[in-house]
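**Q** I have a structure here, written as structure tokens, and I will follow up with some questions on it.
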Ligand SMILES: C[S@@+](CC[C@H](N)C(=O)[O-])C[C@H]1O[C@@H](n2cnc3c(N)ncnc32)[C@H](O)[C@@H]1O
């Protein structure tokens, strides 16, 4: 696909959207549902998609966070979260892991997207069964603990919703909040050309806490080389800022 001035791989995939900065003003995302917001060609998502992302949270990010004995709360960002399924999944894994380790620590998850319809949908916290079609036993167990699973739909519990804030934000902007332990950007970057990917990664990097991790899907070696990030040994999609 050809590159263009908006850094999208194809103008048919994305068109430019107005700057929205929920992460620039405290902990609560602003809801700026502007009428010129454009959506991606695909907002496909599901609960507990890409199990590796969640295993990294429970087996690496959280144990390292607890070992650091920091007083601050664990903070996670799902950048390009579509209808929030990924953000709620991260919250459920964080809740389950922190509770299993009896840490007494709190967590927060931000889920942001440029698509207002998906964010509004996500705030309801109700997903139809196709959203969990390929769950492993491990994540089905976590889902049953933190959501009401009925025959045709899944309702996320209030306990999880309280810790998960969904809002509009264009990741081509730089957020002010820079205290995230774990940022995931999954199935988003592949729609951008190399310079667009580098710009977005620079914004994500700026939001990371020292020692924090980024789970980035869909980037090339050229992007990695130009972004000042290093791949963590033993993982294909896990990075830290240099
Ligand atoms: C294919 S979905 C991926 C959803 C989720 N991350 C997952 O992997 O299941 C891609 C999402 O990225 C969002 N997106 C694309 N460009 C964005 C941008 N510049 N800022 C915020 N969200 C963006 C789209 O609106 C869409 O919801």
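**Q** Take the residues in region 117-127 that are crowded, with 20+ Cβ neighbours inside 10 Å and over 14 Å from residue 91 (Cβ atoms), then tell me which one is farthest from the ligand (Cβ to nearest atom). Lay out the reasoning, then the answer.
**A** Looking only at region 117-127, we keep the residues that are crowded, with 20+ Cβ neighbours inside 10 Å, and these are 118-119, 122, 125, 127.
Subsequent filtering for residues that are over 14 Å from residue 91 (Cβ atoms) retains 118-119.
Numbers: 118: 5, 119: 9 Å.
Here the residue is 119.
**Q** Also: From the list 93, 154, pick out the single residue that is closer than 24 Å to residue 207 by Cα and either more than 13 Å from the ligand (Cβ to nearest atom) or part of a loop (DSSP other than H, G, I, E, B) (or both). Step through it out loud before you land on a result.
**A** On the way: 154 fails: closer than 24 Å to residue 207 by Cα.
On inspection, the qualifying residue turns out to be 93.
**Q** Of all residues in region 96-116 being within 16 Å of the ligand (Cβ to nearest atom) and free of Cβ contacts under 8 Å to residues at least 60 places away in the same chain, which is farthest from the chain's Cα centre (by Cα)? Even if it seems obvious, please write down each step before you answer.
**A** Just the residues of region 96-116 that are within 16 Å of the ligand (Cβ to nearest atom), to begin with: 109-116.
Now drop any that are not free of Cβ contacts under 8 Å to residues at least 60 places away in the same chain, which leaves 109, 111.
Details: 109: 8, 111: 6 Å.
So the residue we want is 109.
**Q** Just a yes or no: is a residue in region 49-61 within 8 Å of the ligand (Cβ to nearest atom), at negative phi and surrounded by 15 or more Cβ atoms within 10 Å (Cβ to Cβ)?
**A** Initially, region 49-61 is screened for residues within 8 Å of the ligand (Cβ to nearest atom), giving 49-50.
Adding the requirement that they be at negative phi leaves 49.
Filter once more, keeping what is surrounded by 15 or more Cβ atoms within 10 Å (Cβ to Cβ): 49.
There is at least one residue in region 49-61 that is within 8 Å of the ligand (Cβ to nearest atom), at negative phi and surrounded by 15 or more Cβ atoms within 10 Å (Cβ to Cβ).
**Q** Which count do you get for residues in region 191-226 that are under 24 Å from residue 62 (Cβ atoms), within 12 Å of the ligand (Cβ to nearest atom) and not in a helix (DSSP H, G or I)?
**A** Result for region 191-226: 3.
**Q** Quick check on residue 46: is it modelled with pLDDT under 95, assigned to a loop (DSSP other than H, G, I, E, B), under 27 Å from residue 145 (Cα atoms) and within 13 Å of the ligand (Cβ to nearest atom)? Before the answer, list the steps.
**A** Working: modelled with pLDDT under 95: yes; assigned to a loop (DSSP other than H, G, I, E, B): yes; under 27 Å from residue 145 (Cα atoms): yes; within 13 Å of the ligand (Cβ to nearest atom): yes.
When the stated conditions are applied, residue 46 passes them.
**Q** Also, I was wondering about something else. Out of the residues in region 167-190 that are in contact with a strand residue (DSSP E or B) (Cβ under 6 Å, 6 or more places away or on another chain) and outside any loop (DSSP other than H, G, I, E, B), which is farthest from residue 59 (Cα to Cα)?
**A** Within region 167-190, the subset in contact with a strand residue (DSSP E or B) (Cβ under 6 Å, 6 or more places away or on another chain) is 167, 169, 171, 179-185.
Subset that is outside any loop (DSSP other than H, G, I, E, B): 167, 180-185.
Details: 167: 28, 180: 17, 181: 14, 182: 13, 183: 15, 184: 16, 185: 19 Å.
My answer is 167.
The values are calculated or read from the model by the stated rules, or taken from the named source; none is laboratory data. If you're wondering where the values come from, they're calculated on a predicted model, not measured in any experiment. Cβ coordinates were reconstructed from backbone atoms using ideal geometry, including for glycine residues, and neighbour counts include every protein chain displayed.
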